[in-house]
Each structure stands twice: as structure tokens, then as C-alpha cells.
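Every number in this text was worked out from the coordinates using simple rules, so none of it is lab data. Predicted model, so just to flag it, every value in this text is computed and none were measured. When we count neighbours, we look across all protein chains shown, and the Cβ atoms used for this are built from the backbone with ideal geometry, even at glycine.
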Amino acid sequence: MTQDISTRDLVLMLQAGELPALGELYDRHQNLVFRTAMAITGDREAAADLLQDVFLRFHRFIDRVDPERPLEPWLYRMTANLACTWVKRQRWMRPIEDLAEWLAGDGKESPSRQAELSETWGDLESALKRLPLNQRTVIAMFYINGLSLQEISEILEAPVGTIKSRLHYGRIALKDEMEIQTNPVAEVGYEFT
């Protein structure tokens, strides 16, 4: 299949039972789903599993998908719902592997710059994990996926004011967490005379 076929037509083809349309839709939207799941769960393996789950559910409920509406909000909503459920089921969060590499890019930086970025992203991943789930979800959608407040509001089915509040308090909490990590309290030394 080619990029010339619209998403609407692919959805219609899938609704008619043409399975290759699912593969094309997967190819077009897998990064969107994976990035969102990764940002919410903080776990590369879970994000990969959720990517598969989202598209399995998409196929399973294809008859309920309106081809006249954009597909991305449906995918974001399904991804956010499944990722939040996954996080809630975890008794503890495992360390995020390779998030620094994923966020830093293609690795064309100098080794010293890569080390600096790795440390910075490591601090960021730790700070992100400590945010409440609702704030982490909004921050991921806003900063990582570049969605507008209105789009996030529609996807999460929450008022824009609520989304603004979560984003505002999430930024404050993230800033505070980053400051704590980068400026730890200095040890006090005592001399004995």
C-alpha cells in the first residue's frame, strides 16, 4: 500500500475486512502510540506491548471507529487509557532503560556531550516517574507529542481548565524534582579540635 491512500480510506478498507490496511495504519501511527505509551509507563517493554494492544483493540473495535473523524485522538485516548491502567497495576516502577538514548536522538553527538545528555535525561526520567500519573500523562502529550491543550482535553475527556491545571502543577513538580536532583543538599562537615 502507499501513502497516497487516506486514513479514512484505510479505515473503510479495514472495516470491509482488508487486513493489509491494518498494517498500513500501524506503520503510519506506531510512533505516536509508542511515544505516548513510553512517556506514561516509563518502560520500553511495556510501551512495545501497549503498542500491540492498541492496534489489536483497534482491529477488534474497527466497526465502532468513525472513518469521517481523525484517527489520532482515538489512538491517543486508547494508548493513554491502557498505559494508565498498566501503571496503576504496577506495585513499583522499574527503571526506565535507554530513555536518554531515545530522547537524545541519533547519537551523532560527541562522547562527552552524550554523557552529559545521558545524565540530564536520567535526571529527567527520574523526575518524571515521581509525578502523579495524571500530570505525567498531560506532560507527555503536551511536550513529547506536541498536542494542544484542546486536543489533550478531547482525548482525555476532561475540561481544558483541568488540563491546564495538570500541566501547570506538573511543570512545577517537575522543576522542583529536577532542582532537588541537580542541587542536592551539601553535607555539613564538622572539625574536632
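A compact table of results
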item	result
Region 35-91 - residue that is of a type in the set (Gly, Ala, Ser) and assigned to a helix (DSSP H, G or I) and, of those, surrounded by the fewest Cβ atoms within 10 Å (Cβ to Cβ)	Ala48
Hits in region 155-164 (condition: of a type outside the set (A, V, I, L, M, F, W, C) and within 13 Å of Phe142 (Cα to Cα))	Lys164
